[in-house]
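The values are calculated or read from the model by the stated rules, or taken from the named source; none is laboratory data. Being a predicted model, the structure only gives us computed values, none of them experimental. Neighbour counts run over all protein chains shown; Cβ positions are idealised from the backbone, glycine included. Accessible surface areas use protein heavy atoms only, side chains included; no ligands, DNA or RNA. Shrake-Rupley method; radii C 1.70, N 1.55, O 1.52, S 1.80 Å.
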Amino acid sequence: MSVLISDKYREWEQLCEERFRKLKENEEKLNSFYIGLYDIGDEITPEIDDADVTVRRADLQRDIKSLISYAVGCIFGRYSLDREGLCYAGGKWDVSAYSTVIPCKDNIMPLNSPDDGLTAAVEDFISTVYGSDTLEENLAFIAGVLGGSGTPKEALHSYLRRSFFKDHFKVYHSRPVYWQFSSGPKGAFKALMYLHRYDSSLIGCLNDSYARPRYEELTEEHRRMSDAYRKASGAEKAAYRRNISRLNTLLLEMEGFIARLGEMADQDIALDLDDGVRLNYEKLKDILE
């Protein structure tokens, strides 16, 4: 059965509002009881401000971002649609815990294109959970909440690539469980991993299966642009020249990134989660966001 996320959100909003009002009413009744008990009605009133109620109301942007975060968690295996609560945070991996959404096998999700990697995986998650028939409507709803330009898929990709890790970093109080690899400030390459699934082979896999193919992809694009530039003229030629200059910058950044990955892969770096997130981050900081 296909479901609209907008409908589910309205149900959630109503549930939160009912819970909020009920708790506020109960707290004010308790206040009235104690005010009467201690005869302090001249000093205080039973009413409380909405900001002091201890449960949150629904918030569309926050809750859509939370949905995306949960989807990412399922893609990495932190959560499972087939089990309640936290599914994996270290220890023995239980493959039987996942059947509806199968986690990525190598703990790496690239963020370089809206047509594959993490963006495509989140899109598949939405289709699986809410139905393929409403996928386009649900993507449009999510994109409208996130903002940005382009198609709904491009807006989702832009959020995942540019803002997801920043939001995650804040929510987890600077102790993120998803870490973002980055080739550098130009963003030629980005990818996420799940900290609790890291092992020492991951850097080599990142280099061989993701970074080098990305470099080859950019090299091929550079070749095509160069061929087109030689055949073009006027304003078109200037546009190709700008794109070639951009690609030169990205390729240079990728070369440095691949070199750093190669050095780290040779070191066989292990992470000790008891050692603290900050100390573990220091071991990989040259290739992380």
Given (1) open to solvent by 80 Å² or more (accessible area, probe 1.4 Å); (2) in a helix (DSSP H, G or I); (3) closer than 19 Å to Pro110 by Cβ, index of the condition Phe257 fails: (1)
For Pro176: the one exception among (1) open to solvent by less than 20 Å² (accessible area, probe 1.4 Å); (2) modelled with pLDDT of 95 or more: (2)
Residue count for region 1-56, restricted to those that are among the acidic types (Asp, Glu), closer than 30 Å to Phe125 by Cβ and either without any contact (Cβ under 8 Å) to a residue 24 or more places away in the chain or out of contact with any Asp or Glu (no Cβ under 9 Å at 6 or more places or on another chain) (or both): 4
Residue within region 275-282 that is over 24 Å from the mean Cα position of the chain (by Cα) and among the basic types (Lys, Arg) present: no
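Table: residues versus (1) open to solvent by less than 30 Å² (accessible area, probe 1.4 Å); (2) outside any loop (DSSP other than H, G, I, E, B); (3) of a type outside the set (Phe, Trp, Tyr); (4) touching a Cys at 6+ places or on another chain (Cβ under 9 Å).
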residue	(1), (2), (3), (4)
Thr45	no, no, yes, no
Ser66	no, yes, yes, no
Tyr70	no, yes, no, no
Trp93	no, no, no, no
Tally, over region 164-217, of residues that are among the charged types (D, E, K, R) and touching a Phe, Trp or Tyr at 6+ places or on another chain (Cβ under 8 Å): 3
Any hit, region 187-200, residues being loosely packed, with under 15 Cβ neighbours inside 10 Å, free of Cβ contacts under 8 Å to residues at least 12 places away in the same chain and of a type outside the set (Lys, Arg): no
Residue count for region 1-43, restricted to those that are charged (D, E, K, R), over 25 Å from the mean Cα position of the chain (by Cα) and open to solvent by 60 Å² or more (accessible area, probe 1.4 Å): 10
Per-region count, region 72-91, residues outside any loop (DSSP other than H, G, I, E, B) and of a type in the set (A, V, I, L, M): 3
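I want to confirm something. Restricting to region 167-179 and keeping residues that are part of a loop (DSSP other than H, G, I, E, B) and under 12 Å from the mean Cα position of the chain (by Cα), which single residue is farthest from Cys87 (Cα to Cα)?
Pro176
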Complete set of residues in region 105-145 that are closer than 14 Å to Phe189 by Cα and not charged (D, E, K, R): Ile108, Met109, Pro110, Leu111, Asn112, Ser113, Pro114, Gly117, Leu118
Residue, farthest from Val171 (Cα to Cα), within region 95-107, restricted to residues that are open to solvent by 60 Å² or more (accessible area, probe 1.4 Å) and among the aliphatic types (A, V, I, L, M): Val95
Set Ala265, Ala232: member being open to solvent by less than 50 Å² (accessible area, probe 1.4 Å) and without any contact (Cβ under 8 Å) to a residue 24 or more places away in the chain: Ala232
Any hit, region 209-220, residues being more than 27 Å from the chain's Cα centre (by Cα), surrounded by fewer than 16 Cβ atoms within 10 Å (Cβ to Cβ), of a type in the set (Ser, Thr, Tyr) and more than 20 Å from Gly187 (Cα to Cα): no
Single match in Thr119, Thr128 (criterion: open to solvent by 20 Å² or more (accessible area, probe 1.4 Å) and either out of contact with any Ser or Thr (no Cβ under 6 Å at 6 or more places or on another chain) or without any contact (Cβ under 8 Å) to a residue 40 or more places away in the chain (or both)): Thr128
All positions within region 72-85 that are open to solvent by less than 10 Å² (accessible area, probe 1.4 Å) and farther than 16 Å from Ala120 by Cα: Gly77, Ser80
